[in-house]
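Values in this text are rule-based calculations from the coordinates and carry no lab data. Keep in mind it's a predicted model, so treat the numbers as computed, not measured. In this analysis, Cβ positions are derived from the backbone assuming ideal geometry, glycine residues included, and neighbour counts consider all displayed protein chains.
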Amino acid sequence: MRECTLSIVKPDGVANNLIGEVIRRVEAKNIKVIAAKMILMTKEQAKGFYAVHEGKPFFESVTDFMSSGPCMVMVLEGEDAISIYRELMGATNKDNAKEGTIRRDFATDIEKNVVHGSDSTETAEFEIRYFFNSLEIQKR
Ligand code: CMP
C-alpha cells in the first residue's frame with residue numbers, strides 16, 4: 001500500500017551529521033521525501049509529540065532530549081513506507097537492532113537513537129499533522 005510516514009532525525013543524528021545518511025538510505029529504498037524542515041522543539045512541544053508515552057519512566061528524559069537541539073522532520077511516501085522505514089531504523093534499543101540498520105550503525109543508547117518513525121497509519125497521521133500543514137506536503 002502507498003502510504004506516508006513521519007521521520008525525525010533526532011538531535012544526536014543532526015549533531016553527528018547524519019541527515020544525509022538517513023535520506024540516502026530512505027531514497028535507496030525508493031521512498032520519497034515529500035516534505036522536510038528543520039525544527040527546534042520546546043519541551044512542551046516534545047511532550048505533545050510523545051503524549052502516548054506520558055507516565056512512562058523515560059518520558060521526562062526523552063522530551064528533554066528531543067527539545068535539546070534541532071531535529072529534521074520529514075514526511076516520507078512510498079509503497080509500505082511505514083514498515084520499510086522501520087526496518088531501515090532497526091529496533092529502538094541499538095543492542096537489539098539488526099546489522100546494517102541506522103540505529104545499530106549510529107545510535108549512542110536507547111534514547112539517543114538517531115531517528116524516529118511512525119509505527120502505524122494512525123500514528124503517522126497524527127505525527128505528520130503535528131508538524132506539517134497541507135501546504136507543506138507536496139502531493140499529487
Ligand atoms: P522513539 O521511537 O522516538 O519513541 C520513543 C523514544 O523514547 C524512543 O524512540 C527513544 O528515543 C526513547 N526511549 C528511551 N528509553 C526508552 C525505552 N525504555 N523504551 C522505549 N523508548 C525509549
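Per-structure values
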{"quantity": "Alpha carbon centroid spacing (whole Å) that separates the stretch 90-127 from the stretch 40-68", "calculated": "16"}
{"quantity": "Exceeding the 26 Å Cα-Cα cut-off - candidates K29/K112; K56/K94; K47/K94; K29/K56; K112/K139; K10/K32", "calculated": "K29/K56; K112/K139"}
{"quantity": "Label-point gap, in nm, between H53 and V33 - each point 7 angstrom along Cα→Cβ", "calculated": "2.3"}
{"quantity": "Whether the stretch 1-52 is rounded, prolate or oblate, judged on the alpha carbon gyration tensor where a/c under 1.5 counts as rounded", "calculated": "oblate"}
{"quantity": "Charge sum, other residues only, whose C-beta stays under 13 Å from V73's C-beta, Lys/Arg counted +1 and Asp/Glu -1", "calculated": "+1"}
{"quantity": "Neighbourhood net charge (15 Å Cβ-Cβ; Lys/Arg +1, Asp/Glu -1) for T42", "calculated": "-1"}
{"quantity": "Protection proxy ranking, peptides 1-10, 119-128, average beta carbon neighbours within 10 Å, highest first", "calculated": "1-10, 119-128"}
{"quantity": "Ratio of the Cα radius of gyration of the stretch 1-111 to 2.2 N^0.38 Å, where N counts its residues", "calculated": "1.05"}
